[in-house]
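Computed from the coordinates by the stated procedures, all read-outs in this text should not be read as laboratory data. What you are looking at is a predicted structure, and each value in this text was computed from that prediction instead of being measured. Note that we place each Cβ from the backbone using ideal geometry, even for glycine, and neighbour counts take in every protein chain shown.
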Amino acid sequence: MRLVLVGPPGAGKGTQAQFLAAHYSIAHIATGDIFRTNLKAGTPLGLKAKAFMDSGELVPDSLTNEMIKERLLGADLENGFLLDGFPRNVLQAQVLRANLAQKKSPLTAVLELSIDNEQIISRLSSRRTCKECGLPTRAQEKCPACGAELYQREDDRIEVITRRLEVYEEQTSPIISFYRSEGLLITVSALGSVEEITRRAISALGPNS
Ligand code: AMP
């Protein structure tokens with residue numbers, strides 16, 4: 001199964017991606033996580049991406065497309081993958097389509113998590129992230145999974161959230177029509193508990209294929 005998960009920041013993509021990837025036994029590829037790992041390790045890619053990430057802008061396509069092309073060569077993708085945070089604009093979607101066409105392994109489906117802006121702002125401005133395991137949480141003191149300290153992502157500050165939503169509207173949301181016209185789009189509501197949303201997504205996506 002080869003999936004793309006799309007939705008505005010704060011729709012719960014990262015959380016759902018983890019559950020869905022585990023359910024279908026496919027690799028979870030999150031471009032935001034790859035950038036953050038590079039940033040933490042101080043690699044040239046991380047350093048180049050930092051200013052864009054901190055201000056809520058997209059990292060340039062040249063860097064992002066190159067990074068994903070390399071990741072799609074990974075040895076762990078034989079069962080398929082779930083892309084979380086990629087593509088983020090129509091050019092990236094076209095590059096992905098060409099890359100997968102070359103491998104004769106086109107996308108199975110694109111799952112859209114839909115949610116309105118008011119909900120997003122309330123979710124993201126209270127979100128904290130674990131310094132150790134990277135888990136996003138609503139807890140404010142210690143990570144519920146590993147007990148480590150939490151921090152607020154630079155890009156979860158209200159000014160940056162507003163910009164990320166604009167970037168989503170202007171640059172990312174056109175990929176919804178792109179995938180609808182390809183007959184790949186499946187939309188589910190991102191409201192409700194984590195478990196409810198996962199169940200909804202699995203029932204919309206169907207069994208492994
Ligand atoms: P995320 O964790 O998916 O919210 O991503 C955090 C940040 O990483 C985004 O605000 C962008 O700056 C950058 N980023 C992640 N994925 C992409 C992408 N596909 N294209 C460009 N920038 C990205």
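Only residues of the range 167-209 count here: report those whose backbone N is under 20 Å from the spot 7 Å along Cα→Cβ of residue 57, or say none.
What the label zone holds, given the 20 Å backbone N cut-off, is 167-174.
When the convex hull of the Cα atoms of the range 54-199 is projected onto a plane and the area is averaged over all directions, what value comes out in nm²?
If I average the Cα hull's projected area over directions, I get 10.0 nm².
Modelled label-to-label distance, residue 149 and residue 100, 7 Å Cα→beta-carbon offset: nm?
Once both label points are built, they end up 4.1 nm from each other.
In the structure shown, do any of 69/104; 13/104; 50/142; 48/69; 50/131 have a Cα-Cα gap over 22 Å, and if so which?
Beyond 22 Å between Cα atoms: 13/104; 50/142.
Write down the percent of antiparallel bridges among all DSSP beta bridges whose residues are both part of the chain, to the nearest 5.
25
For residue 40, give me every one of the aspartates and glutamates with a C-alpha distance below 13 angstrom, ignoring sequence neighbours fewer than eight places off in its own chain.
Once the sequence-local aspartates and glutamates are set aside, what remains near residue 40 is 132.
Kindly state, to the nearest 0.05, the FRET efficiency for residue 40 paired with residue 77, given R0 = 35 Å and r defined as their beta-carbon distance.
Once rounded, the FRET efficiency stands at 0.90.
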